[in-house]
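Taking it in order: structure first as structure tokens, then the write-up.
The values are calculated or read from the model by the stated rules, or taken from the named source; none is laboratory data. Since this is a predicted model, take the numbers as computed values, not measurements. Neighbour counts run over all protein chains shown; Cβ positions are idealised from the backbone, glycine included.
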Amino acid sequence: MSKYPEPTICAADQGLVLRFWGVRGSTPVSGPQYAEFGGSTPCIEVRCGERMFVVDAGSGIYNLGQGHRTDLPRDVDLLFTHLHLDHTAGLPFFKPAVLDADRVINTYCGNLGGESAGPTLDRLFAPPLFPVTLDKLCCTFNHHGFEAGQTLTFPDGSRVDTILLNHPQGSVGYRFEHGGRRLCLISDIEHSDPWPDPELARFVAGADLMVYDGMFTDGEYPTCRGWGHSTWQKGVELAQTAGVKALAIIHLHPAHSDTALRDMEADLQAEMPTAFIARESQSITVGAPRSVSRRAGSRPTVAREVRRRIKVA
């Protein structure tokens, strides 16, 4: 029996739904200190009714394959934010898709000036870096290039808006709209000065949920300036400026344990009560009321308990 929860099967009336299959940044991690938030690198499933998109192919895409052994669509549309290793390295392990001769995987890449991901993936997944090339896999790959800022239009009429983000070699943000709800995925990004960036604020304006790169703390960021990542505080600033209703923080630092992230989430929710830190395998219906479940027996963080006592006093 799979260790992964049963997948959310989104019928047309279930609206706009996303699932986090990998939320870590830079490198996968494992161990008891990562049990709650997870250790897999980025992969997000987005369902617009029955229509499925996959964003990024980090190690979390293995989890997605295990969670959808029998219900993947024949054609899988895989949207890359960019092609750094933590967003691509899981691709050959996307089972059962890559082992199914009837499966078609369409990749979309928008940070290479219109070039598709094909040549880059062919260099990555080839000896001596990888034992087999992608053409040895059973499925069919179709690679599509575009320029960030364009609206992607798919054969079935589905549309996804895009924006170029501030990240080394560029990254692409995505905006999904379905059933009157709006979801924006903004990772990987380094905040600008001044902040928020007006164009980005317009792009995410009024979103029911924005997923944002919060890899660093305010204390860590100054020594990592120029690395292409942001903080949860900057995510809150952007969300509040743009009228975003809820905020999810992803691309979690590999050194941040469950304990550290729970403390961080308490501080985050003190600034924006509808914000949270994403957890691996967590499913969210965009626009619906939600609560974050914690492990049985977990205690409130010190920061949260102090605020509770102040409020009571």
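Number of residues in the range 158-188 that are in a loop (DSSP other than H, G, I, E, B) and closer than 20 Å to residue 18 by Cα: the value is 5. For residue 57, state whether it is closer than 21 Å to residue 116 by Cα, in contact with a helix residue (DSSP H, G or I) (Cβ under 7 Å, 6 or more places away or on another chain) and not polar (S, T, N, Q). Judged against the criteria, residue 57 is a match. Please verify whether residue 239 is closer than 24 Å to residue 170 by Cα and either touching a strand residue (DSSP E or B) at 6+ places or on another chain (Cβ under 7 Å) or not aromatic (Phe, Trp, Tyr) (or both), treating the condition exactly as stated. It is true that residue 239 is closer than 24 Å to residue 170 by Cα and either touching a strand residue (DSSP E or B) at 6+ places or on another chain (Cβ under 7 Å) or not aromatic (Phe, Trp, Tyr) (or both). What's the total number of residues in the range 181-200 that are surrounded by fewer than 18 Cβ atoms within 10 Å (Cβ to Cβ) and either hydrophobic (A, V, I, L, M, F, W, C) or at pLDDT 95 or above (or both)? Within the range 181-200, residues that are surrounded by fewer than 18 Cβ atoms within 10 Å (Cβ to Cβ) and either hydrophobic (A, V, I, L, M, F, W, C) or at pLDDT 95 or above (or both) number 3. Only one of the numbered conditions (1) touching a Pro at 6+ places or on another chain (Cβ under 7 Å); (2) within 21 Å of residue 248 (Cβ to Cβ); (3) surrounded by fewer than 20 Cβ atoms within 10 Å (Cβ to Cβ); (4) of a type outside the set (Val, Ile, Thr) is violated by residue 67, and that is (3).
When you go through 239, 255, 207, 248 one by one, which is the residue that is assigned to a loop (DSSP other than H, G, I, E, B), crowded, with 21+ Cβ neighbours inside 10 Å and either in contact with a Leu (Cβ under 8 Å, 6 or more places away or on another chain) or at pLDDT 95 or above (or both)?
207
Does residue 210 fit the bill of being of a type outside the set (Ser, Thr, Tyr), under 18 Å from residue 53 (Cα atoms) and touching a residue at least 24 places away in the same chain (Cβ under 8 Å)? Yes: the conditions hold for residue 210.
Residues are listed down the side, and each one gets a yes or a no for (1) at pLDDT below 95; (2) in a helix (DSSP H, G or I):
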residue: 218; (1), (2): yes, no
residue: 233; (1), (2): no, yes
residue: 244; (1), (2): no, no
residue: 267; (1), (2): no, yes
residue: 284; (1), (2): no, no
residue: 288; (1), (2): yes, no
residue: 292; (1), (2): yes, no
residue: 304; (1), (2): yes, yes
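Being surrounded by 12 or more Cβ atoms within 10 Å (Cβ to Cβ) and within 17 Å of residue 86 (Cβ to Cβ) is the filter; apply it to the range 124-139 and report the residue that is farthest from the chain's Cα centre (by Cα). For the range 124-139, the residue satisfying everything is 130. Listed by first and then second residue, the pairs with beta-carbon distance under 7 Å, at least 6 apart or on different chains, first residue in the range 125-139 and free of Cβ contacts under 8 Å to residues at least 24 places away in the same chain, second assigned to a loop (DSSP other than H, G, I, E, B) and aliphatic (A, V, I, L, M), are 133/126.
Every residue, every condition in (1) of a type in the set (A, V, I, L, M, F, W, C); (2) surrounded by 14 or more Cβ atoms within 10 Å (Cβ to Cβ); (3) touching a helix residue (DSSP H, G or I) at 6+ places or on another chain (Cβ under 8 Å), yes or no:
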{"position": "146", "(1), (2), (3)": "yes, yes, no"}
{"position": "153", "(1), (2), (3)": "no, no, no"}
{"position": "166", "(1), (2), (3)": "no, yes, no"}
{"position": "171", "(1), (2), (3)": "no, yes, no"}
